[in-house]
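Asks: The structure follows.
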Amino acid sequence: MAAPADTRLSGLQRRVLDLAHALREANVPVAVSDGLDAMRASALIDLLDRGQLREALAATMVKSPSHRATFDLLFDLYFPARGTQPLPGEAGDEAERPAEYDGDTHHQEARDIDQFLAELVMRVMEGDDAAIRRLAMEAVESFGAVRQRDGRVSFFAYRVFRNFNLGGLLRRLMTESGMDGDAEDAASALTRRLQRDEFEQRLRRFREEIESEIRRRQVEQQGADEIAKRMARPLPEDLDFFRISAEESESMRRQIRPLARKLATRVAVKRRRARDGRLDVRRTIRHSLSTGGVPADPAFKARKHHRPELVLICDVSGSVAAFARFTLMLTHALQGQFSKVRSFAFIDTVDEVTRLFSGGDFSDAIKRLHTDANVVWLDGHSDYGHAFTAFHARYADAITPKTTLLILGDGRNNYRASNAWVLKDLKRRARRVYWLNPEPIQHWGTGDSIADEYARFTDGMIECRNLRQLAEFVERVV
Amino acid sequence: MTDPRFAGLEDTSSRLESAGYLPDRAITTVTFLADRLGKPVLVEGPAGVGKTELAKAIASARGAQLVRLQCYEGLDEAKALYEWNYKKQLLRIQADSDRAWEDTKDDIFGPEYLLTRPLLQAITDDIETVLLIDEVDKVDFEFEALLLEILSDFQVTVPEMGTVAAVRRPFVVLTSNNTRELSEALKRRCLYLHMDYPDIEREKAIVRSRVPEVPEQLADQLVRIVRSLRNLELRKAPSISETLDWARTLLELGYSGVDEGVAQTTLSVLLKHQSDIDKALAHLEMAADPGSN
């Protein structure tokens, strides 16, 4: 991954190039000209100021907010705050290094955990950022070390967090700052809420400091390229629905509305361009006035577009719940693009959930999906067959010749009856039937998946594993 | 101002500050680099974080004129770049009906018959210029391609007259609300600045500088509430300008702090959807009174 050593490049330039390579590896597009700009930019700024260098490189190499997190991570690897081999940009940061801290000794007298926590709580309450950073380093040093069999010492975040959990710390902070208990008046409830936000944010920073400190130590031991390879996480739009953490799910949720807006704009542009060629006489004459009555600039009428009616039937059982949630949010955020959206959720029986989403408060809708909707009939394991027959009995009239029907699920039916005849009948009634499957194609029809059987009665079963694929599909349907 | 160019980062930030804009480190660095590298800045971020304000502040800090091109769907060359003044040309042709066509033709395609629009004006004016291309994400793809020539070479080709090169390179700022992905080609020609909501200290400083009458304590409480609300999933998060509006409202109404009653009556200045307001009140642990609005 690292560029071959070229003697004509300075150490700094080589580092910038390595960073550009690592970014490309992580699927952040960095053009050759961007790399050149980054070098020119780094020559103009004060290299002793690491924050400045970070912003200068970000401005030239990162062109999208969703890539910034990846950049920050990699920047920390290639331009660590303090390193055993100082880089041209690092010398200034030495000053930040606390005097009593000696990075090379692992035998420092470890403080008692209670004593440590007492200081941490105090510093967080004071809001002393420098002290919090120092404590994060100390935490890694004292509690995060594991001695490997070959005698080397490695550091792990989970070792640190084994000693204390941040939720407990937050409660302790609230207690010690006198913010707990039942507040009588609303003003103190408000103060409490604000204080809580403040503490939460500082603890989050404390956690980030610990993680970045651990990365820094790993880089020292194994080199930046090695760690960069291991750290590479897919970009939010490429994350697999099956494997997302709570944090990633949060960041994806924030992308839903912008994504919907983008899709709506794209569709609007397409529609505007699709002219059917009929002359708009009124507008042409109006335009011709500015050219002395010569119709030099003819105007054409736009075709009327029919907006599809959308009906979604979603499997919301554990395995595919994340996928269903994102699809529900995206389609409802795009409500304006359809003449009507109705959504149904099922696990082993089906219920309508349109009203939960129509308010526009998605996070609330998701929460109520499992409490306010009757999606479980027997045992809470997916039963496509029963859900389909229930749908057919109760909501079959929702499907009209204008309807595009979307079915979401992995088709894993726990070896129950498929009742595929329902799907056949629905296909007869609907304009189109699509099935979105969050599983990789090669797994369809293996084990208890009867995706193949259902696929025969649809206009297409489509693999849909990440936001990008989902967005592509939705654009096609609209 | 004698030299419009920024001398260094401190100079950049202090001049922006004296123009009434409080930049953070990213903004200062990118502004300075744009000046030195001679590249346009593409500013992206949510509505109301001060993208357009930045361009205005840069213009005032450099003592430059601000040429603004507001983008919208269907914006074309005629409105952005230049247009031939047909009416004047026609008049001229009719007035000279006895003259030879060859003479007239050379005449009517001269600068006198050219209506310059913002882009051409920014390039041809011989004074220090800041060109603001606002909400560039609204234009069509064809227009974006047109911008490429201007942004990389600072020149415009008028078929009848030839190529017009910049007399003085303008400082270009493009803003985008990210309603669609801009083309890679456009992004590559620009320095990229993602502007997000400011951190608590900076927002407080902005409130204090824009609404100086607000007491320190109220400003502090305000920005902390706003920050807390921005962490919620709202349909429209409060922008800086809405924070300022809220500060002015509270001041006008004579409140010195925010409590339940104040929040219920004035939160509509900050949030523009009823569902957001309900959610905010619940979040701030002030149960929304179902009877009031």
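The values are calculated or read from the model by the stated rules, or taken from the named source; none is laboratory data. Note that this is a predicted model, so its numbers are computed, not measured. FYI the Cβ positions are ideal-geometry reconstructions off the backbone, even for glycines, and counts take in every protein chain you see.
Asks: Checking B:Glu53 against (1) assigned to a helix (DSSP H, G or I); (2) farther than 18 Å from A:Gln52 by Cα; (3) touching a residue at least 40 places away in the same chain (Cβ under 8 Å): exactly one of these is not met. Which one?
Replies: (3)
Asks: Can you pull out every residue in segment B:143-171 that is touching a residue at least 40 places away in the same chain (Cβ under 8 Å) and among the charged types (D, E, K, R)?
Replies: B:Glu144, B:Glu160, B:Arg168, B:Arg169
Asks: Now for a different question. Identify all residues within segment A:369-400 that are among the hydrophobic types (A, V, I, L, M, F, W, C) and within 24 Å of the chain's Cα centre (by Cα); write none if there are none.
Replies: From segment A:369-400, those among the hydrophobic types (A, V, I, L, M, F, W, C) are A:369, A:373, A:375-378, A:387-388, A:390-391, A:393, A:396, A:398-399; that's our starting set.
The one that is among the hydrophobic types (A, V, I, L, M, F, W, C) and within 24 Å of the chain's Cα centre (by Cα): A:Leu369.
Asks: Being farther than 25 Å from A:Arg192 by Cβ, free of Cβ contacts under 8 Å to residues at least 40 places away in the same chain and not aliphatic (A, V, I, L, M) is the filter here, so list the residues in segment B:235-260 that pass it. Even if it seems obvious, please write down each step before you answer.
Replies: Initially, segment B:235-260 is screened for residues farther than 25 Å from A:Arg192 by Cβ, giving B:235-236, B:239-241, B:244-245, B:248, B:251-252, B:254.
The next check asks that each one be free of Cβ contacts under 8 Å to residues at least 40 places away in the same chain; those that pass are B:244-245, B:248, B:252, B:254.
Once the filter is applied, which keeps residues that are farther than 25 Å from A:Arg192 by Cβ, free of Cβ contacts under 8 Å to residues at least 40 places away in the same chain and not aliphatic (A, V, I, L, M), segment B:235-260 yields B:Asp245, B:Arg248, B:Glu252, B:Gly254.
Asks: Could you look through segment B:260-287, keep only residues that are surrounded by fewer than 17 Cβ atoms within 10 Å (Cβ to Cβ), assigned to a loop (DSSP other than H, G, I, E, B) and within 12 Å of chain A (Cβ to nearest Cβ), and pick out the one that is modelled with the highest pLDDT?
Replies: Out of the qualifying residues, it is B:His273.
Asks: Within segment B:23-48, track down each residue that is surrounded by fewer than 20 Cβ atoms within 10 Å (Cβ to Cβ) and either more than 14 Å from chain A (Cβ to nearest Cβ) or assigned to a loop (DSSP other than H, G, I, E, B) (or both).
Replies: Matches in segment B:23-48: B:Asp24, B:Gly38, B:Gly45, B:Pro46, B:Ala47, B:Gly48.
Asks: Which of (1) under 31 Å from the mean Cα position of the chain (by Cα); (2) at pLDDT 80 or above does A:Gly127 not meet, given it meets every other one?
Replies: Looking at each condition in turn, A:Gly127 falls short on (2).
Asks: Any residue at all in segment A:25-33 that is under 19 Å from B:Leu193 (Cβ atoms), at pLDDT 90 or above and buried (at least 20 other Cβ atoms within 10 Å of the Cβ)?
Replies: Yes, the conditions are met somewhere in segment A:25-33.
Asks: If B:Asn231 meets every condition in (1) more than 10 Å from every other protein chain (Cβ to nearest Cβ); (2) closer than 30 Å to A:Asp72 by Cα; (3) polar (S, T, N, Q) apart from one, which number is that one?
Replies: Every condition holds for B:Asn231 apart from (1).
Asks: So which of A:Ala299, A:Ala333 ends up being surrounded by fewer than 18 Cβ atoms within 10 Å (Cβ to Cβ), among the hydrophobic types (A, V, I, L, M, F, W, C) and in contact with a Lys or Arg (Cβ under 9 Å, 6 or more places away or on another chain)? Break it down into steps so the answer makes sense when it comes.
Replies: Values: A:Ala333 fails: surrounded by fewer than 18 Cβ atoms within 10 Å (Cβ to Cβ).
A:Ala299 is the lone residue from the list that is surrounded by fewer than 18 Cβ atoms within 10 Å (Cβ to Cβ), among the hydrophobic types (A, V, I, L, M, F, W, C) and in contact with a Lys or Arg (Cβ under 9 Å, 6 or more places away or on another chain).
Asks: While we're here: Can you tell me which residue among A:Asn413, A:Asn437, A:Asn419 is more than 28 Å from A:Glu472 (Cβ to Cβ), polar (S, T, N, Q) and touching a Phe, Trp or Tyr at 6+ places or on another chain (Cβ under 7 Å)?
Replies: Details: A:Asn413 fails: more than 28 Å from A:Glu472 (Cβ to Cβ); A:Asn437 fails: more than 28 Å from A:Glu472 (Cβ to Cβ).
Among A:Asn413, A:Asn437, A:Asn419, only A:Asn419 is more than 28 Å from A:Glu472 (Cβ to Cβ), polar (S, T, N, Q) and touching a Phe, Trp or Tyr at 6+ places or on another chain (Cβ under 7 Å).
Asks: Still on this structure, please answer the following. Determine, yes or no, whether A:Leu166 is within 11 Å of chain B (Cβ to nearest Cβ) and either surrounded by 15 or more Cβ atoms within 10 Å (Cβ to Cβ) or modelled with pLDDT under 80 (or both).
Replies: Working: within 11 Å of chain B (Cβ to nearest Cβ): no; either surrounded by 15 or more Cβ atoms within 10 Å (Cβ to Cβ) or modelled with pLDDT under 80 (or both): yes.
Considered against the rule, which asks whether it is within 11 Å of chain B (Cβ to nearest Cβ) and either surrounded by 15 or more Cβ atoms within 10 Å (Cβ to Cβ) or modelled with pLDDT under 80 (or both), A:Leu166 comes out as no.
Rundown of residues vs (1) modelled with pLDDT under 75; (2) under 30 Å from A:Asp112 (Cα atoms), yes/no style:
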residue: A:Val146; (1), (2): no, yes
residue: A:Arg159; (1), (2): no, yes
residue: A:Asp185; (1), (2): yes, no
residue: A:Thr191; (1), (2): no, no
residue: A:Asp225; (1), (2): no, no
residue: A:Arg230; (1), (2): yes, no
residue: A:Pro234; (1), (2): yes, no
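This table checks each residue for (1) at the interface with chain B (Cβ under 7 Å from one of its Cβ atoms); (2) free of Cβ contacts under 8 Å to residues at least 24 places away in the same chain.
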position	(1), (2)
A:Ala31	yes, yes
A:Leu44	yes, yes
A:Leu47	no, no
A:Leu57	no, no
A:Val62	yes, no
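Asks: Anything in segment A:424-451 that is touching a strand residue (DSSP E or B) at 6+ places or on another chain (Cβ under 9 Å), without any contact (Cβ under 8 Å) to a residue 40 or more places away in the chain and part of a helix (DSSP H, G or I)? List them, or say none.
Replies: Hits for segment A:424-451 are A:Leu426, A:Lys427, A:Arg429, A:Ile441, A:His443.
Asks: Given segment B:116-228, what helices (runs of 4 or more DSSP H) lie entirely inside it while holding 1 or more residues that are within 21 Å of the chain's Cα centre (by Cα), buried (at least 20 other Cβ atoms within 10 Å of the Cβ) and away from chain A (no Cβ under 14 Å)? It would help to see each step written out before you state the result.
Replies: Values: elements: B:118-124, B:141-153, B:184-188, B:200-210.
Filter on segment B:116-228 gives B:118-124, B:141-153, B:200-210.
Asks: Same structure again: Give segment B:59-99 a look and list any residue that's in contact (Cβ under 8 Å) with a residue 24 or more places away in the chain, of a type in the set (A, V, I, L, M) and surrounded by 15 or more Cβ atoms within 10 Å (Cβ to Cβ), or say none. Break it down into steps so the answer makes sense when it comes.
Replies: Residues of segment B:59-99 in contact (Cβ under 8 Å) with a residue 24 or more places away in the chain: B:59-85, B:88-89.
Those still in the list that are of a type in the set (A, V, I, L, M) too: B:59, B:61, B:64, B:66-67, B:69, B:75, B:78, B:80-81.
Across segment B:59-99, the qualifying residues are B:Ala59, B:Ala61, B:Ala64, B:Leu66, B:Val67, B:Leu69, B:Leu75, B:Ala80, B:Leu81.
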